[in-house]
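To keep things clear, I will list the structure first and then write my remarks on it.
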Amino acid sequence: MMRMIGRRLALGAFVMWGCVTLIFVIVRLAPGDQASVALGPDATADEIAAARTRLGLDEPLVVQYVSYLGRVLRLDFGESYRLGQPAMDAVLSRFPATLQLTVAAMAMAIVAGLILGCLAGGRPNGVVDRVLSSTAISLQSFPTFWVGIMLILVFALHLRALPSAGSGSLSHLVLPAVTLALPQTAIVARLTRSSLAESMQDGYVQTARSKGLTEREVLVGHALKNSLIPVVTIIGIQTGVLLGGSVVVENVFAWPGLGSLIVDSVAARDYAVVQAAALLIAGVVVVLNLLADLTYARLDPRIRVGAGA
Amino acid sequence: MSEPLLDVRDLDVFLPTRSGPVHVLDGVSFSVDAARTTGLIGESGSGKTMAAMAIIGLLPAGAVTRGQLWWRSEDLLAVSSRRRRQVRGREIAMIFQDPLASLNPGQTVGRQVTEIPRRDGMGRAELARTATHLLDRVGIPDPAQRTGNYPHQFSGGQRQRAMTALALAGQPQLILADEPTTALDVTVQARILDLLRHLRDTEHTAMLLVSHDLRVMAHVADDLVVMYAGRVCERGPAQAVLREPRHPYTKALVASVPAVRARTAIADPLPGSPADPAHRPAGCAFHPRCPLAVLRCRVERPTVREVAPGRWTACHLAEADGLPDAAEVRP
Amino acid sequence: MTTTSHPVSTSVGHDAATTTPPLPEMRRRSARRVLGWLRFLPHAVIAGYLFLAVVGPLLVDYDPMVTSITDRLLSPGSTTSDGSTAWLGTDGVGRDVLAQIVLGARTSITIAVLTVTVCAVIGIAVGLVAGYVGGWADTVAARLIDVLIAFPGILLAIVIAGLFRPSIAIVVIALSAVGWIGFARVVRGTALSLRERDWVSAARVMAVPRRSILTRHVLPFVAGPVVAMATLEFALVVLAEAGLSFLGIGLPPTAVSWGQTVAAGKEYLEIAWWISTFPGLALALLVVCVGLVGDQLTARYGGKR
């Protein structure tokens, strides 16, 4: 168990290094370096040259890379020329809003997905199963931004029940969170359904039935826990996807989160902020994966206790 | 003989398949007496496992059952599904073939073994005592410690012992054991069979033992039911059936096992392959492989009749004193 | 003697199976035949989209630069100033929505086809090497994938497409950056299982060069799962591309795309719902159909997502 955690931590550290390197490479390949972008189109050649020297852009790439790594290790992600504040501060000030949205959406998706998945998987080919499998495909097929716009059209503009944009109250959270949650619900429900339907074929389920349990007791008491492992994996992965994917939905609802910051920073070539935001999200994803691994161990004693009598 | 504990009468089971329903059990009748072990033997596809599943009521979804399953004074095929569930585990319990697959990997053995009393609202301390006692009864050493372990921490034989403890937990009068030793090492098999025999002797639990292995039957069965292609071909006291088979199929089975056949150590493998219940031959299902088959066997299905006291067989040619030799039948 | 002479009682399966039809099971042949034909409906819809993508510019006369103040925000079915009918209405600067959908299909499908091709080529190459050669090659590929999936796909695409000059090529590159991973995983799994098959071992024993073994003995078996994967990837790429163009990232402003039209319609949502609604429906219909075909292929080839 401890060895497993150690291995996962080492892998996490490696992945973070890879992410830092990848971002470095992308930024270096992009046309227009930080110096000319930061100084704007009116800067003279001399000013740009001076800035390049100050930013270390004249050094060989390897030297730049090493000093960049060093700064990242000291958690120094540079200054946002656009906002005039440290890049990571800007990112962290926006992060709570995105986190709030992601957590709300994922919580809805998990609750609704597990319930629907159990109803469908407990009775394969039943009514819930058929309705679910056909709606699930369409829920995943609509672009989220369009779903968000349609929800605004119906609930904000026609019914006037909920605000269409902005943040600050719980009612502001509803539409963006539901928009994000819909496809995730479909994903969680489909996976729960197939995993549960598979577990219901397992030998220990027959044993449980042979004890005289009702189908519901068999499902809740025996099959469900063993079918949750793939569901936990997908929840871990999808939470990360939501963190990044909420960019588009935040844009639709003018939600003041990381998404709009990233889009604006990319458009303005504010490299420092782009790097800081990407690394923060990558870091959160790595942590989420680690948490998912620990959850397996809780669900499956074969991982927790180790084999052998 | 007293009233049997379980009386299976004319049991038919149809399983749905892609090419339509298959008649996997065709008019199966046999009984299980209290405190005795009845062996249900046959090759794969003979329907022996289906018979056990039909008795406990856990046939695959879509299966259709006809006939009667008299359990003491009620027909289990006629009672409500609620009553059926009550019977499961508490009156009729089941031990499955593969103990690893049949135990829940995510729960401790102690918890699984005591699920029935826990549903009845037994207290924590009492449950722990019950679990220890159950594991002790099936011969697991250091039972109090082992209740907290998970199935993967048990050895193969211990898992089957735990499975047996699980079946005993509801204090059933009948235990169905479906190939309980097939998934185990040969050395472990004998010990599990000894355990089952010991349980019959000490707890007076009746058992229906399903197996393809004649040696297992010779070891533990009191009565024997021989099945072929979803039908019963012979039944009677185990020792008598094995010593003097009254059906050519039983005879061939016995001849194919060197340890059971006393005189020679050489086995005669059964020629041909088992009949598929989906394409059961007309007449006697065994006739294509039968060395004695005559014209009548191809056209007329033999009924199960009593040829000698306690000896029932479904062979046209069987008589009170046994089967004719192949030479007498063939011109 | 008949076997069912005592049908005293009939019971059905266990509790979970009470919905079973009675014996004998009758199948409604005609219903099945209709369903059989319905299976090909998604194929037909996709063919329709492909047709539009190829010949679209011949069918509609549309210039994104030409605007008409008099034809602004016409509702679906209105007649425009030049006498034609705007079946799906016009947008905020008087451009026909249906024409934008037709041309958007071209953009969307071009990008999706290119991206899926690039992803498939990279993914097959990486997967074959990782699965067949194994060892360090497998480890390197696995770690590279670990790094790439730490970024949610759309985020990496936004960063790449946003930092470079807008063009179709950069959108394809941005979407391919993580899109190849699915192919690599599927191919790696297949290659790994094939490696130990007899005919592959035999070829190895006979000193057939590794490259010929890969192309002749392994590659053909990879085709099925790859095709199934390609349809799923196609759907994902169409969605992701729409997301990028909705944000105004990646494509040059002159390009016509569904995402841009939806974004443009958002500010007129209250008075002209059709601008945002129809391109989204067109996109969803394509993605649903591709998804259905993909499910059929996945069921047939057993490819994994």
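Read the figures in this text as sums done on the coordinates, not as results from a lab. The shown structure was predicted, so the numbers you read here are calculated from the model rather than taken from an experiment. Glycine also receives a Cβ, built like all others from the backbone with ideal geometry; neighbour counts cover every protein chain displayed.
On a 0 to 90° scale, report how tilted helix C:41-59 is relative to the longest principal axis of chain C, with both axes built from alpha carbons and the result rounded to the nearest 10.
30
Could you let me know the centre-to-centre spacing of segment A:185-246 and segment C:226-250, using Cα atoms, in angstrom?
Comparing the Cα centres of segment A:185-246 and segment C:226-250, I get a distance of 29 Å.
Within a 10 angstrom radius of the beta carbon, how do B:Trp71, C:Trp258 rank from fewest other beta carbons to most? Show your work: numbers first, answer last.
Working: B:Trp71 23, C:Trp258 29.
Starting with the residue having the fewest Cβ neighbours, the order is B:Trp71, C:Trp258.
Counting helices only, and only those DSSP H runs with n ≥ 4, report the 222 nm mean residue ellipticity of chain B as the sum of -39,500 (n - 2.57) divided by its residues, in deg cm²/dmol to the nearest 500. Before the final figure, lay out each step's value.
On the way: 14 runs with 112 residues, N = 331.
-9000 deg cm²/dmol, from helical runs alone.
Work through the residues other than B:Arg246 whose Cβ is under 9 Å from its Cβ and net out their charges, Lys, Arg +1 and Asp, Glu -1. Write out the running numbers ahead of the final one.
Values: positive: B:Lys251, B:Arg311; negative: B:Glu234, B:Glu244, B:Glu319.
Net charge in that neighbourhood comes out at -1.
Based only on other Cβ atoms within 10 Å, what is the fewest-to-most ordering of B:Ser155, A:Ser210, A:Ser167? Please list the in-between numbers first.
On the way: B:Ser155 13, A:Ser210 24, A:Ser167 17.
Ranking B:Ser155, A:Ser210, A:Ser167 by Cβ neighbours within 10 Å, fewest first, gives B:Ser155, A:Ser167, A:Ser210.
Let me check against my output: what whole-number percent is the relative contact order of segment A:1-149, with C-alpha pairs under 8 Å and at least 6 apart?
Values: 40 pairs, mean separation 13.0, N = 149.
Value for segment A:1-149: 9 percent.
Can you tell me how much longer the chain between C:Ala169 and C:Val60 gets when fully stretched, taken as 0.36 nm per residue apart minus their C-alpha distance, in nm with one decimal? Provide the component values of the computation, followed by the final result.
Values: separation 109, 0.36 × 109 = 39.24 nm, distance 2.50 nm.
Taking 0.36 nm per residue and subtracting the Cα distance, the gain is 36.7 nm.
Please report the projected area of segment A:1-132's Cα convex hull averaged over all directions, in nm².
On the way: hull surface 56.8 nm².
Taking a quarter of the hull surface, the average projection is 14.2 nm².
For a quick check: with amide H placed at 1.01 Å from N, whose amide H comes under 5 Å from B:Val210's, ignoring anything fewer than 5 positions away on the same chain?
B:Leu40, B:Ala177, B:Asp178, B:Glu179
Around A:Ser260, what is the net charge, scoring Lys/Arg as +1 and Asp/Glu as -1 over all other residues with Cβ under 14 Å from its Cβ? Don't jump to the answer; show the numbers that get you there.
Values: positive: A:Arg82, A:Arg94; negative: A:Glu250, A:Asp264, A:Asp270.
Net charge around A:Ser260: -1.
Would you mind checking which residues have amide H under 5 Å from A:Gly78's amide H? H placed 1.01 Å from N; only 5 or more apart, or other chain.
Close amide H contacts, sequence-distant or interchain: A:Ala87.
Under a 10 Å cutoff between Cα atoms, tell me which one of B:Thr108, B:Thr38, B:Thr187 has the largest fluctuation in the Gaussian network model of chain B.
Judging by the Gaussian network model, the answer is B:Thr187.
Measure of size requested: the Rg and Dmax of chain B, with Cα atoms as the atom set and Å as the unit; please supply both.
20.7, 74
Just to verify a number: FRET efficiency for A:Met2 and B:Ala128, C-beta to C-beta distance, R0 = 35 Å, to 0.05? Could you put the intermediate results ahead of the total?
Working: r = 29 Å, r/R0 = 0.84.
Step by step, r from the Cβ atoms, then E = 0.75.
How many times 2.2 N^0.38 Å is the alpha carbon radius of gyration of segment A:137-296?
Working: Rg = 20.2 Å, N = 160, 2.2 N^0.38 = 15.1 Å.
Compared with the compact-globule rule of thumb, segment A:137-296 sits at 1.33.
What does the charge count around A:Ile149 come to, taking other residues whose C-beta lies under 13 Å from its C-beta (Lys +1, Arg +1, Asp -1, Glu -1)?
Values: positive: C:Lys266; negative: C:Glu267, C:Glu270.
Around A:Ile149, the charge tally is -1.
If I model the protein assembly as shown as equal point scatterers sitting on the Cα atoms and use the Debye formula, what is log10 I(q)/I(0) at q = 0.04, 0.05, 0.09 Å⁻¹?
Log-scaled intensity ratios, in q order: -0.28, -0.43, -1.07.
Write down the Kirkwood hydrodynamic radius of chain A, to one decimal in angstroms, obtained as one divided by the mean of 1/r over all alpha carbon pairs.
Values: mean 1/r = 0.0447 Å⁻¹.
Evaluated over chain A, this radius sits at 22.4 Å.
How large is the helix-only mean residue ellipticity at 222 nm for chain A, computed as the sum of -39500 (n - 2.57) over DSSP H runs with n ≥ 4, divided by its residue count, in deg cm²/dmol to the nearest 500?
Details: 14 runs with 232 residues, N = 309.
Mean residue ellipticity, 222 nm, calculated: -25000 deg cm²/dmol.
Given a Förster radius of 60 Å and the C-beta distance between C:Glu267 and C:Arg216 as r, what FRET efficiency does 1/(1 + (r/R0)^6) yield to the nearest 0.05? If you can, show how the numbers build up before the last one.
On the way: r = 58 Å, r/R0 = 0.96.
For C:Glu267 and C:Arg216, the calculated efficiency is 0.55.
Using a basic spin-label model with each label point 7 Å from the Cα along Cα→Cβ, how many nm lie between C:Ala207 and A:Val154?
Going from the C:Ala207 label point to the A:Val154 one covers 7.0 nm.
Expressed as a fraction of 2.2 N^0.38 Å, the rule-of-thumb size for a compact globular protein of N residues, what is the C-alpha radius of gyration of segment C:59-200? Each step should come with its number before you reach the end.
On the way: Rg = 22.8 Å, N = 142, 2.2 N^0.38 = 14.5 Å.
Against the empirical 2.2 N^0.38 Å value, I get 1.57 for segment C:59-200.
If you line up the Cα atoms of segment A:264-305 on their principal axes, what length do they span on each, largest first, in Å?
In descending order, the Cα extents are 52, 12, 8 Å.
Which residues in segment A:149-164 have a backbone N closer than 11 Å to a point placed 7 Å from the Cα of A:Ala254 along the Cα-to-Cβ line?
A:164
Calculate the FRET efficiency for B:Asp194 and A:Ala297 from the Cβ-Cβ distance with a Förster distance of 25 Å, rounded to the nearest 0.05. Could the numbers behind the result be given before it?
Details: r = 38 Å, r/R0 = 1.53.
Efficiency for this residue pair is about 0.05.
Using DSSP, restrict attention to beta bridges with both residues in segment B:139-249 and report what percent are antiparallel, rounded to the nearest 5.
In segment B:139-249, approximately 55 percent of DSSP beta bridges are antiparallel ones.
Please arrange A:Ser36, C:Ser201 by counting, for each residue, the other beta carbons lying within 10 Å of its beta carbon, fewest first. Before the final figure, lay out the partial values.
Values: A:Ser36 18, C:Ser201 12.
If I rank by nearby Cβ atoms, fewest first, I get C:Ser201, A:Ser36.
Non-local amide H neighbours of B:Leu25 (under 5 Å, H modeled in plane, Pro and chain starts lacking H): which ones?
Those lying under 5 Å, H to H, from B:Leu25 are B:Val13.
Using only alpha carbon pairs under 8 Å that are at least six residues apart, calculate the relative contact order of chain B and give it in whole percent.
Values: 652 pairs, mean separation 65.3, N = 331.
Across chain B, relative contact order equals 20 percent.
Compute the length gained on full extension between A:Val131 and A:Leu69: take 0.36 nm times their separation in residues and subtract their Cα-Cα distance, giving the result in nm to one decimal. Kindly include the intermediate steps, with their values, before the conclusion.
On the way: separation 62, 0.36 × 62 = 22.32 nm, distance 5.17 nm.
Going from the current span to full extension adds 17.1 nm.
So, with +1 on the Cβ of K and R and -1 on the Cβ of D and E, and no other charges, what is the size of the charge dipole of segment B:105-220 about its Cα centre, to the nearest 20 debye?
Numbers: 13 positive and 12 negative charges, 54 e Å.
Here the size comes out at about 260 debye.
Using a basic spin-label model with each label point 7 Å from the Cα along Cα→Cβ, how many nm lie between B:Val186 and A:Leu9?
5.0
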